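Colleague: Here it is, the structure in full.
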Amino acid sequence: FKNKPTSVYNGIFAVREGDGYSLYYANEKPKLVPGCENLLSTGLFFADEYAPVVHKGKRITVINRDGDEMYTLAPQKGKEIIFSNSFFTDGMLVVINEDKKYGAFNHDGELTVACKYDDLTPFNGGYAVAMTKDSDKDVKKYQIIDHDGNTVQSIKTCQFLCSLVIDGKCAIKIDDDRYGFVTVDGDVIKCPTKVKGIGDFNGKYFTYFDDDFNEGLMEFNDDGGEMLIKAGKYKSLAPINKSWSKFIARIDDEYRLIDRDDETLIKFEDYKSVSVLSQSAETLLAKEGNYYTVLDDDGEVIDKKLEIEEISYGNVRSVLSDFPKARDAVKTHFPYETYSQDADMASEADQVVATTIDDNAEVEEWTTTDDYNYSYGDSTATVVESVYDYYDVPAEAVEEAVENYYNYPAAE
């Protein structure tokens, strides 16, 4: 392929071809999913048999793995659906309507969670966390809801979320100093004060951070967590299997394979870096000079010295409707001027519009990245006035860049 494919989910991946995107079955000789070429934007079959796609000039439609159209995200109470998440989770697809309100559709094409929230996490295990904002008081209120949009539990104290609802509980920052968990039954469980941040959480175990951003491991309990690996020794801990029995641990530039008891199983002295390639397949990816080697969870070589220049997971973001009214709503609610981004981030891969600069920081040309869909939200890096000023960009180049910002998919 000329452009980067995405990762493969449920046997299917996406890739940019020409002016649109195509979905392929990940066979030895990739085969096109019927009717899924020249898509304006596309989601993936991340954890489900359904995915959202958009044909040019059309609303978002939901297809199955055979490419059959299951239903269209039609207007709800006269309001267009302008965005959807790029994948279903727990049989639910989170969407945003033209009033910038979040809701969710189920597999049958029913909007069972009305578009009335200011934010909504993906569903997991039957639940999601919804947020409503009181703009007058600048107060955010969180609540756990079910598939039908019923409020299961109000979260009375929450600075921000640290995880989805997993095994009936989610990790949160409770106040300015404490982290902990809230359950669907309403219990609030505070972690020990030494926990200065919560990383990964699988329902039973969670990684945590100390004041210096070193990472440790705890087992969840009613007291907020039993210490298994004290933070301070490792800069990072990455579970390599679903049971979280083994981890890749990093000390400065050294990587190790350890267990939950902090016993070192292997020191990876011959590799520049080691990362988790697939938690479900329990495989590792190690860099050796200019080559990559695939390892199993015992550190044994599966495939050695792969001549790979670059590895990119290239996953999609949001799926944006191409219905004219929806596009107008996007420009209203997500204008490029509202974003702020440090100029040093101007070359980050997740921005929609980027600059190409030489060593003297002079603008050579304006281009757009190969991001799969229009991205939005405070975390999205976009070209804004601060970047224009930083690089002293000509006004006509700015105008062209802004026009390209809304002219998705981005031109190469």
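The values are calculated or read from the model by the stated rules, or taken from the named source; none is laboratory data. These numbers come from a predicted model, not from an experiment. Neighbour counts are summed over all protein chains in view; Cβ atoms, including those assigned to glycine, are modelled from backbone coordinates with ideal geometry. Areas reflect the complete protein model, heavy atoms only, side chains present, ligands, DNA and RNA absent. Shrake-Rupley method; radii C 1.70, N 1.55, O 1.52, S 1.80 Å.
Colleague: Tally the residues that are farther than 22 Å from Glu80 by Cβ and either among the basic types (Lys, Arg) or in contact with a helix residue (DSSP H, G or I) (Cβ under 6 Å, 6 or more places away or on another chain) (or both), restricting the search to segment 110-164.
Modeller: Looking only at that region, the number is 4.
Colleague: Sticking with this structure for a sec: Ser273: small (Gly, Ala, Ser) and within 23 Å of Ser163 (Cα to Cα), yes or no?
Modeller: no
Colleague: If you go through segment 251-265, how many residues are closer than 20 Å to Tyr205 by Cα and in contact with a Phe, Trp or Tyr (Cβ under 6 Å, 6 or more places away or on another chain)?
Modeller: 1
Colleague: Which of the residues belonging to segment 225-242 are surrounded by fewer than 18 Cβ atoms within 10 Å (Cβ to Cβ) and either touching a residue at least 40 places away in the same chain (Cβ under 8 Å) or more than 22 Å from Gly180 (Cα to Cα) (or both)? Before the answer, list the steps.
Modeller: Residues of segment 225-242 surrounded by fewer than 18 Cβ atoms within 10 Å (Cβ to Cβ): 226-228, 230, 232-233, 235-236, 241-242.
Lys233, Asn241, Lys242, listed by residue number.
Colleague: In segment 197-224, which residues are farther than 23 Å from Asp176 by Cβ and either in a loop (DSSP other than H, G, I, E, B) or not acidic (Asp, Glu) (or both)?
Modeller: Asn202, Gly203, Lys204, Tyr205, Leu217, Asn221, Asp222, listed by residue number.
Colleague: Continuing with the same structure: For segment 14-35, state whether one or more residues are in contact with a Gly (Cβ under 7 Å, 6 or more places away or on another chain), surrounded by 22 or more Cβ atoms within 10 Å (Cβ to Cβ) and not aromatic (Phe, Trp, Tyr).
Modeller: Yes, that holds for at least one residue.
Colleague: Which ones in segment 259-304 are of a type in the set (Asp, Glu) and farther than 20 Å from Ser7 by Cα? Before the answer, list the steps.
Modeller: Going residue by residue through segment 259-304, those that are of a type in the set (Asp, Glu) are 259, 261-263, 269-270, 282, 288, 296-298, 300, 303.
If the condition is that a residue be of a type in the set (Asp, Glu) and farther than 20 Å from Ser7 by Cα, then Asp259, Asp261, Asp262, Glu263, Glu269, Asp270, Glu288, Asp297, Asp298, Glu300 are the ones that fit.
Colleague: What strands (runs of 3 or more DSSP E) lie completely within segment 84-196 and have 3 or more residues being of a type in the set (A, V, I, L, M, F, W, C) and surrounded by 19 or more Cβ atoms within 10 Å (Cβ to Cβ)?
Modeller: 92-97, 127-134, 169-173
Colleague: For segment 208-222, state whether one or more residues are within 20 Å of Cys158 (Cβ to Cβ), of a type outside the set (Gly, Ala, Ser) and modelled with pLDDT under 95.
Modeller: The answer is yes; a qualifying residue exists.
Colleague: Separate question: Can you list residue pairs whose Cβ atoms sit under 8 Å apart, with the first residue in segment 293-313 being within 13 Å of Val274 (Cα to Cα) and the second being surrounded by 11 or more Cβ atoms within 10 Å (Cβ to Cβ) and of a type in the set (S, T, N, Q)? Count only pairs 6 or more apart in sequence or on different chains.
Modeller: If the second residue must be surrounded by 11 or more Cβ atoms within 10 Å (Cβ to Cβ) and of a type in the set (S, T, N, Q), the pairs left are Val294/Thr283; Leu295/Thr283; Asp296/Thr283; Asp297/Asn241; Asp297/Thr283; Val301/Thr293.
Colleague: Still on this structure, I have one more. Of all residues being among the charged types (D, E, K, R) and assigned to a loop (DSSP other than H, G, I, E, B) in segment 1-25, which is nearest to Glu310 (Cα to Cα)? Just the residue, please.
Modeller: In this case the residue turns out to be Lys4.
Colleague: Moving on. Which is under 23 Å from Gly43 (Cβ atoms) and surrounded by 11 or more Cβ atoms within 10 Å (Cβ to Cβ), of Lys267, Lys325, Lys304, Lys272?
Modeller: Numbers: Lys267 fails: under 23 Å from Gly43 (Cβ atoms); Lys304 fails: under 23 Å from Gly43 (Cβ atoms); Lys272 fails: under 23 Å from Gly43 (Cβ atoms).
Selected residue: Lys325, the only one of Lys267, Lys325, Lys304, Lys272 that is under 23 Å from Gly43 (Cβ atoms) and surrounded by 11 or more Cβ atoms within 10 Å (Cβ to Cβ).
Colleague: Please specify each residue of segment 328-348 satisfying the condition of being at pLDDT 60 or above, open to solvent by less than 50 Å² (accessible area, probe 1.4 Å) and out of contact with any strand residue (DSSP E or B) (no Cβ under 6 Å at 6 or more places or on another chain). Outline the logic, then answer.
Modeller: First pass over segment 328-348, keeping only residues at pLDDT 60 or above: 328-334.
With the extra rule that they be open to solvent by less than 50 Å² (accessible area, probe 1.4 Å), the set shrinks to 329-330, 334.
Hit for segment 328-348 is Phe334, nothing else.
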